[in-house]
Amino acid sequence: MNLILILSLILNMSNIIIEDKKEIHFGGGCFWCVEAVFEDLVGVIRVESGFSGGQIKNPSYAEVSRSKTNHAEVCKIIYNPSEVSLEVLLEVFFVSHDPTTLNRQGNDVGAHYRSIILYNNDTEKKVINNFIANINTELFDSKIVTEVKEFKVFYDAEKYHQNYFKQNQEQPYCQFVISPKVTKARNKLTKYYKK
């Protein structure tokens, strides 16, 4: 095989890989919880914690947590749509937090903890709104307050926030807040999780 043919094959393979990735951004309280719930889902390639939906560029955790920037704590979920659908991701999202509480998840209170989905295009917006409409009447007595907003920009949170649950499982917040959410999602939606 000549070098040009090998390079052409590599380029074609990388294009296939790129086409098999999509991103969606979810906020459902503390991003440590969202990250932990999604990172072992079949078809999820990577989960990154960060901020979106606010007014300033590249905010710090301290700025966001003081509710001065209007950002939400969100996770960028990079996934393979041939392995997991947006609808499955939405199902996991709504099982893993309370979408009926405004700016609050348990003891985590503030606008940065709001329930939010950031869509990338009109197709996603339609899927999301239809999904919410269905479960809002069937499961939540029309009380869902999840914000559905067009995605603009995502800012990575500081390094120590990334992969937080897996690296800090002995920490009390992980044991008493995150672990029950992960267990609940895995128990209700076992078929979507890696063994």
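Every number here is computed from the coordinates shown, using simple stated rules; none is lab data. On a predicted model such as this, the values are computed, not experimentally measured, just so you know. Note that each Cβ is placed from the backbone with ideal geometry, even for glycine, and that neighbours are counted across all protein chains shown.
The angle between the Cα long axis of helix 3-19 and the main principal axis of the chain comes to about 20°, on a 0 to 90 degree scale. Each of Glu83 and Val127 was given a label point 7 Å from its Cα along the Cα-to-Cβ line. The distance between the two points is 1.6 nm. For the residues Leu90, Leu139, Leu41, a GNM of the chain with alpha-carbon springs under 10 Å puts the largest fluctuation on Leu139. Across segment 41-46, computed HN-Hα scalar couplings (Karplus, 6.51 cos²θ - 1.76 cosθ + 1.60, θ = phi - 60°) run 7, 4, x, 7, 8, 7 Hz from first to last residue, x flagging Gly and Pro.
Value of Rg to Rh for the chain, rounded to two decimals, is 1.01; Kirkwood radius and Rg both from alpha-carbon coordinates. Applying a threshold of 27 Å to the alpha-carbon distances of Lys76/Lys166; Lys149/Lys191; Lys143/Lys166; Lys68/Lys149 flags Lys149/Lys191; Lys143/Lys166 as lying beyond it.
Applying both filters, DSSP loop and at most 10 other Cβ atoms within 10 Å, to the chymotrypsin sites (Phe, Trp or Tyr not before Pro) of segment 106-185 eliminates every site. Rounded to the nearest Hz, the phi-derived 3J(HN,Hα) couplings of segment 84-93 under the Karplus curve 6.51 cos²θ - 1.76 cosθ + 1.60 (θ = phi - 60°) are 8, 8, 4, 4, 5, 4, 5, 4, 5, 4, where x marks glycine and proline. The trypsin sites (Lys or Arg not before Pro) found in segment 110-161 that occupy coil by DSSP, while having at most 13 further C-beta atoms within 10 Å, are Lys143, Lys152. For segment 161-167, the Karplus equation 6.51 cos²θ - 1.76 cosθ + 1.60, evaluated at θ = phi - 60°, returns couplings of 7, 6, 6, 4, 4, 5, 8 Hz by residue, with Gly and Pro reported as x.
Less than 5 angstrom separates the built amide H of Thr100 from those of Val145, all sequence-distant by 5 or more or on a different chain.
Averaging the Cα positions of each part gives two centres, and for segment 157-177 and segment 74-108 these lie 18 Å apart.
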